[in-house]
Amino acid sequence: MIKLSYHEYNLKPYSNLNAVSAGLPRSGALIKVEWPHGFVGYGDLHPWPELGDMTLADQLAALKKGKITPQMEQTIWLARKDADLRKKGKTILTTGEKVRNNYLVSNYAEIIPGFLDELKRASFSTIKLKVGRDLAAEANAVTRIAAAGFKIRLDFNSACSWQSFERFFSGLSPQEKVWIEYVEDPFPFDPDAWMDAKKLVKIAMDSAYEKVDWDKITKAPFDVLVIKPAKMDVDKAIERCKKFNLKATVTSYMDHPVGSLGALAVAMECKELYPNIMLDAGCMTYRSYQMDQFSASINTTGPYFSSIKGTGIGFDLLLKELPWQKLN
């Protein structure tokens, strides 16, 4: 029998994180999982009710009653990966393939003079821009990013309509469009409309993953699958990529640094096992929040995680000192 403990936390974003977020502090819980024979691992439970997740309070209440939600199941799965490495005295950076990460821009206003030059000097090659709140200003941001020579990932979080998305994309110049790697969740999922959008640009699927009738479709109305280990069965997602000839990117869930490092572990493993499927990852989302002890202890070199203190996903001393509360 496993023993579960939790520690609730709050993260303070620098700005609105996406088109469905108000920029308020976000809540989550770190989960400590103890298996027999000395296996101990850590995961992050960070729901996004705005995107359809059960609230944190409801998921913890369910767990106290012995019910494991799908998101909690993934948290435990990630904690087991962490535990296996800790038992061996290894870190995630000693296993898998080194992965490059995109730079996340949550708000176009972050692109101040000199910002893109700084990213170039740091060797970033891809920028993921959250859009859908001010399309005119965001189109100007795309112009600047393209002119600087970055690949661009646009994430609408399903905030647009098909018509507004088409107007936005049609307003971009051919020189700008060539830099767009894909558009993520351009508008609420509709297989026919997405198939039409796919004729304009490569489309990535994220939040509507569970709405896809995977057993009935013969051709996917998107080109890229965004794999979020925090809430998605990774093995099943990879099998679907193989079946429908999709590319994939592994990203964190705009969650705690523990969640970011857990996602990185999966990204590195997938890059090693499926190099022809995997695109650059997006596991540096912790930077969207004000720095705390956990984020301050992460070492990066440009788009790469460079070193980790401790074992597994790291943070050994910080995790040990937390006031854990038992769940069972």
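Could you list, in sequence order, all residues of region 127-144 that are touching a Gly at 6+ places or on another chain (Cβ under 8 Å) and not in a helix (DSSP H, G or I)?
Selection gives K128 alone.
Just wondering, is there one or more residues in region 256-269 that are outside any helix (DSSP H, G or I) and under 19 Å from the mean Cα position of the chain (by Cα)?
Yes: one or more hits.
Among the candidates E97, E118, single out the residue that is touching a helix residue (DSSP H, G or I) at 6+ places or on another chain (Cβ under 6 Å), open to solvent by 40 Å² or more (accessible area, probe 1.4 Å) and outside any strand (DSSP E or B).
E97
Report the residue count in region 145-176 for those that are touching a residue at least 40 places away in the same chain (Cβ under 8 Å) and in a loop (DSSP other than H, G, I, E, B).
Number of matching residues: 4.
Specify the residue that is least open to solvent (accessible area, probe 1.4 Å); the eligible residues are those in region 1-55 that are modelled with pLDDT of 95 or more and acidic (D, E).
Selected residue: D44.
Given the conditions (1) closer than 16 Å to S252 by Cβ; (2) in contact (Cβ under 8 Å) with a residue 40 or more places away in the chain, which single one is not true for G89?
Here G89 clears every test but (1).
Output the residues belonging to region 278-291 that are touching a residue at least 40 places away in the same chain (Cβ under 8 Å), part of a loop (DSSP other than H, G, I, E, B) and open to solvent by 50 Å² or more (accessible area, probe 1.4 Å).
Q290
Taking K65 as meeting all but one of (1) closer than 21 Å to L264 by Cβ; (2) basic (K, R); (3) surrounded by fewer than 19 Cβ atoms within 10 Å (Cβ to Cβ), write down the number of the exception.
All conditions pass for K65, except number (1).
Cβ-Cβ below 7 Å, separation at least six or inter-chain, first residue in region 192-210 and in contact (Cβ under 8 Å) with a residue 24 or more places away in the chain, second in a strand (DSSP E or B) and open to solvent by 10 Å² or more (accessible area, probe 1.4 Å): which pairs?
Listed by first residue and then by second, the contacts come to V201/I180.
If only one of K320, K326, K309 is open to solvent by 50 Å² or more (accessible area, probe 1.4 Å) and at pLDDT 95 or above, which one is it?
K320
Considering each residue of region 147-160, count those that are open to solvent by less than 60 Å² (accessible area, probe 1.4 Å) and over 18 Å from A204 (Cβ atoms), and give that number.
The qualifying residues number 2.
Can you tell me which residues in region 121-137 are surrounded by 20 or more Cβ atoms within 10 Å (Cβ to Cβ) and touching a helix residue (DSSP H, G or I) at 6+ places or on another chain (Cβ under 8 Å)?
Correct list: I127, L129, V131, G132.
Considering each of A57, A62, A83 in turn, give the residue that is out of contact with any Leu (no Cβ under 7 Å at 6 or more places or on another chain), touching a residue at least 40 places away in the same chain (Cβ under 8 Å) and assigned to a helix (DSSP H, G or I).
Within the list A57, A62, A83, the selection yields A83.
Go through region 292-316 residue by residue and tally those that are among the polar types (S, T, N, Q) and either within 15 Å of the chain's Cα centre (by Cα) or in a loop (DSSP other than H, G, I, E, B) (or both).
Matching residues across region 292-316 total 2.
The values are calculated or read from the model by the stated rules, or taken from the named source; none is laboratory data. Note that the structure is a prediction, hence the values are computed from the model and not measured. Note that each Cβ is placed from the backbone with ideal geometry, even for glycine, and that neighbours are counted across all protein chains shown. In case anyone asks, the SASA skips ligands and DNA or RNA and just uses the protein heavy atoms, side chains included. Shrake-Rupley method; radii C 1.70, N 1.55, O 1.52, S 1.80 Å.
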